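Trainee: Got a structure for you, written out below as structure tokens; questions coming shortly.
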């Protein structure tokens, strides 16, 4: 049984993770965290009281974190303190904050990915292969999300651009971000030449694909001793 802690418990992602985990036999919800002053602090969800005390992370085996960079780094330090595994889906971390995640992985196991969707991680793999074969093509990335998303371009779009740069040595300078309605997440990579155009596209229909991916990552990471993993390493 995996004792699960979820940060951002009342958020759109956190609430879906909690709901799906409650239906899985190998997870026990033990810690639900929200920011200080949140109106639902003290509420009971699936038998667990929502808390604003991050020290309670010590009562879980793994923390799933979909919040903001400041909270993520605070909780990262607590996970190291109590030797707890961590799944990080927070986007918008600075390079310095990413280095802190990498440093922490010397002491605890961490799955860190801008996108927990199995489908999007397949997209990463397909884009890697396409970029290696189409290195002379011009590349554009278009990503679309709901109006509430704060970072732009999305972490997934940045990852796609990084994959292309590694394969071709070229920066992707044309990244378009759309913030509209309640779009869950669309990512389109366009390889264009004078002779043809090739597009790779992923569209998320529901946040459940990210929540399911986070739970798959949690099952994986609690079996590791230390290390930094992306979703392609998750089995």
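Every read-out reported here was derived from the displayed coordinates using simple, explicitly stated rules and does not represent laboratory data. Worth saying up front: this structure is predicted, and the values here are computed from it rather than measured. Note that we place each Cβ from the backbone using ideal geometry, even for glycine, and neighbour counts take in every protein chain shown.
Trainee: I need the calculated FRET efficiency for the pair residue 182 and residue 226, taking r as the beta carbon distance and R₀ as 41 Å, to the nearest 0.05.
Mentor: Values: r = 39 Å, r/R0 = 0.94.
Calculated value: 0.60.
Trainee: To the nearest 10 degrees, how steeply does helix 69-82 sit against the main Cα axis of the chain, on a 0 to 90 scale?
Mentor: Its long axis makes an angle of about 50 degrees.
Trainee: Give the angle, between 0 and 90 degrees and rounded to the nearest 10, that separates the Cα long axis of helix 208-221 from the longest principal axis of the Cα atoms of the chain.
Mentor: Tilt of helix 208-221: around 70 degrees.
Trainee: Now for a separate question. Considering only DSSP beta bridges where both residues belong to segment 118-204, give the percentage that are antiparallel (nearest 5).
Mentor: Around 70 percent of the beta bridges assigned by DSSP in segment 118-204 are antiparallel ones.
Trainee: OK, next. What is the Cα centroid distance between segment 94-115 and segment 159-235, reported in whole angstrom?
Mentor: One Cα centre to the other: 18 Å.
Trainee: Stretched out fully, how many nm does the piece from residue 140 to residue 1 gain, at 0.36 nm a residue minus the Cα gap?
Mentor: 45.6 nm
Trainee: Once the piece of chain linking residue 197 and residue 74 is laid out straight, how much longer is it, given 0.36 nm per residue of separation minus the C-alpha distance between them? Present the calculation step by step, with values, prior to reporting the outcome.
Mentor: Working: separation 123, 0.36 × 123 = 44.28 nm, distance 4.46 nm.
Extra length available between residue 197 and residue 74 comes to 39.8 nm.
Trainee: Can you tell me the relative contact order of segment 28-97? Whole percent, Cα pairs under 8 Å, sequence separation 6 or more.
Mentor: 27 percent
Trainee: While we're here: Okay, helix-only estimate at 222 nm for the chain: each DSSP H run of n ≥ 4 adds -39500 (n - 2.57), divide by all residues, round to 500 deg cm²/dmol; what do you get?
Mentor: Numbers: 6 runs with 79 residues, N = 235.
Computed ellipticity for the chain at 222 nm equals -10500 deg cm²/dmol.
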